[in-house]
Amino acid sequence: MAQKEISQAVIRRMPRYYRYLGELLDAGVERISSNDLSNQMQVTASQIRQDLNNFGGFGQQGYGYNVKYLYEEIGKILGLDQVHNIIVIGAGNLGQALTNYVKFERFGFKIIALFDVNPALEGVSVRGIKVHMLDELDDFCANNKVDIAALTMPKAKADITAKHLVSIGIHAIWNFAHVDLDIDNEDVVVENVHLSDSLMQLSYNIEKNKK
Ligand code: NAI
């Protein structure tokens with residue numbers, strides 16, 4: 001059966017379900033009603049049902065959701081049942097911080113190398129993962145399965161680097177550089193992360209509460 005197109009709004013809510021269900025699973029909870037899940041997540045029960053119905057439901061009337069099953073199914077929907085190898089381009093503060101965060105591996109995201117142009121970083125390891133010089137990038141990608149490139153480098157070079165990554169076969173970019181990448185290729189997916197956007201929203205809400 002051809003899978004129908006799921007809205008990005010639903011997809012964006014899935015990681016949160018996954019996180020909650022993971023916590024329930026860790027706490028030994030075997031099943032949960034949509035009402036209880038709704039209370040914990042502060043999402044209406046009908047929203048939960050609607051969201052999960054996009055993927056065929058998973059709930060049983062009067063029984064609720066089987067936590068492990070739902071957790072695993074959402075994991076499959078999000079592609080977390082596969083290992084995704086990541087390379088980090090820019091081994092500075094942010095690149096190293098991401099690499100030092102071990103818990104991405106729990107979800108199958110494995111950082112396998114960092115790249116930088118600063119010769120002082122050549123041969124340095126972060127959590128046992130080697131920093132390579134940028135001129136080794138093409139060979140590395142030809143010889144290793146690379147699923148995602150994280151861009152944690154200055155924005156001035158981010159676009160040209162992204163284009164080069166696409167030209168050598170990288171199809172997913174996790175972009176932290178504050179620039180809109182100009183990639184005209186529908187086979188390439190880009191996810192932009194801007195922590196400052198989140199801070200600005202927080203700042204807006206602080207101001208709003210003062211009024
Ligand atoms: P940093 O200066 O500590 O690290 C940048 C690294 O990139 C340096 O090691 C530098 O040698 C390397 N680099 C420079 N040109 C390169 C190239 N052509 N190819 C590969 N590596 C190259 O900077 P930091 O604090 O780690 O920030 C990195 C980037 O992330 C910046 O663009 C910054 O604006 C952005 N950033 C984004 C955040 C977000 O929420 N999206 C949060 C923090 C930083």
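The values are calculated or read from the model by the stated rules, or taken from the named source; none is laboratory data. This is a predicted model, so every value here is computed, not measured. As a convention, Cβ positions derive from the backbone with ideal geometry for all residues, glycine included, and neighbour counts pool all protein chains shown. All accessible areas refer to the heavy atoms of the entire protein, side chains included, with ligands and DNA or RNA removed. Shrake-Rupley method; radii C 1.70, N 1.55, O 1.52, S 1.80 Å.
Would you mind stating whether residue 51 is among the charged types (D, E, K, R) and open to solvent by less than 10 Å² (accessible area, probe 1.4 Å)?
So residue 51 fits the description; yes.
Confirm whether residue 31 is open to solvent by 80 Å² or more (accessible area, probe 1.4 Å) and touching a residue at least 12 places away in the same chain (Cβ under 8 Å).
Criteria met by residue 31.
Can you tell me which residue within the range 5-31, out of those that are in contact with a helix residue (DSSP H, G or I) (Cβ under 8 Å, 6 or more places away or on another chain) and more than 12 Å from residue 71 (Cα to Cα), is modelled with the highest pLDDT? If you could, list the steps in order and put the result at the bottom.
So in the range 5-31, the residues in contact with a helix residue (DSSP H, G or I) (Cβ under 8 Å, 6 or more places away or on another chain) come out as 10, 13-14, 16-18, 20-22, 24-25, 29-31.
Still in the list and also more than 12 Å from residue 71 (Cα to Cα): 10, 13.
On the way: 10: 88, 13: 91.
Here the residue is 13.
Could you check, for the range 196-211, whether at least one of its residues is within 16 Å of residue 90 (Cβ to Cβ) and loosely packed, with under 15 Cβ neighbours inside 10 Å? Step through it out loud before you land on a result.
Taking the range 196-211 first, the residues within 16 Å of residue 90 (Cβ to Cβ) are none.
No.
Does the range 145-154 contain at least one residue that is out of contact with any helix residue (DSSP H, G or I) (no Cβ under 8 Å at 6 or more places or on another chain) and near the ligand (Cβ under 10 Å from one of its atoms)?
Checked the range 145-154: at least one residue is out of contact with any helix residue (DSSP H, G or I) (no Cβ under 8 Å at 6 or more places or on another chain) and near the ligand (Cβ under 10 Å from one of its atoms).
Which one of these does residue 6 not meet: (1) over 30 Å from residue 164 (Cβ atoms); (2) of a type in the set (Val, Ile, Thr); (3) open to solvent by 80 Å² or more (accessible area, probe 1.4 Å)?
Every condition holds for residue 6 apart from (3).
What's the number of the condition residue 132 fails, among (1) near the ligand (Cβ under 8 Å from one of its atoms); (2) farther than 30 Å from residue 76 by Cα?
(1)
Answer yes if at least one residue in the range 98-120 is open to solvent by 50 Å² or more (accessible area, probe 1.4 Å), within 11 Å of the ligand (Cβ to nearest atom), in contact with a Leu (Cβ under 7 Å, 6 or more places away or on another chain) and not acidic (Asp, Glu), and no otherwise.
Checked the range 98-120: at least one residue is open to solvent by 50 Å² or more (accessible area, probe 1.4 Å), within 11 Å of the ligand (Cβ to nearest atom), in contact with a Leu (Cβ under 7 Å, 6 or more places away or on another chain) and not acidic (Asp, Glu).
Just a yes or no: is a residue in the range 93-113 among the hydroxyl-bearing types (Ser, Thr, Tyr) and modelled with pLDDT of 90 or more?
Within the range 93-113 (the criterion being among the hydroxyl-bearing types (Ser, Thr, Tyr) and modelled with pLDDT of 90 or more), the answer is yes, since at least one residue qualifies.
Report, ordered by the first and then the second residue, all pairs with beta carbons closer than 6 Å, sequence separation of six or more or different chains, a first member in the range 79-96 that is at negative phi and of a type in the set (Val, Ile, Thr), and a second member that is part of a strand (DSSP E or B) and away from the ligand (no atom under 15 Å from the Cβ).
83/110; 86/109; 86/148
Across the range 171-186, what is the total count of residues that are touching an Asp or Glu at 6+ places or on another chain (Cβ under 8 Å) and open to solvent by less than 70 Å² (accessible area, probe 1.4 Å)? I'd like the intermediate steps shown before the answer.
Within the range 171-186, the subset touching an Asp or Glu at 6+ places or on another chain (Cβ under 8 Å) is 171-175, 179, 181-182.
Restricting the remaining residues to those that are open to solvent by less than 70 Å² (accessible area, probe 1.4 Å) gives 172-175, 179, 181.
Going through the range 171-186 one residue at a time, the tally reaches 6.
If you scan the range 165-211, which residues turn out to be among the hydrophobic types (A, V, I, L, M, F, W, C) and over 18 Å from the mean Cα position of the chain (by Cα)?
Result: 165, 166, 168, 179, 183, 199, 200, 202, 206.
Consider residue 157 carefully, then state whether it is charged (D, E, K, R), within 23 Å of residue 97 (Cα to Cα) and open to solvent by 60 Å² or more (accessible area, probe 1.4 Å). Lay out the reasoning, then the answer.
Details: charged (D, E, K, R): yes; within 23 Å of residue 97 (Cα to Cα): yes; open to solvent by 60 Å² or more (accessible area, probe 1.4 Å): yes.
So residue 157 passes the test.
Of these, 13, 19, which one is basic (Lys, Arg), in a helix (DSSP H, G or I), surrounded by 15 or more Cβ atoms within 10 Å (Cβ to Cβ) and under 21 Å from the mean Cα position of the chain (by Cα)?
Going through 13, 19 in turn, the sole match is 13.
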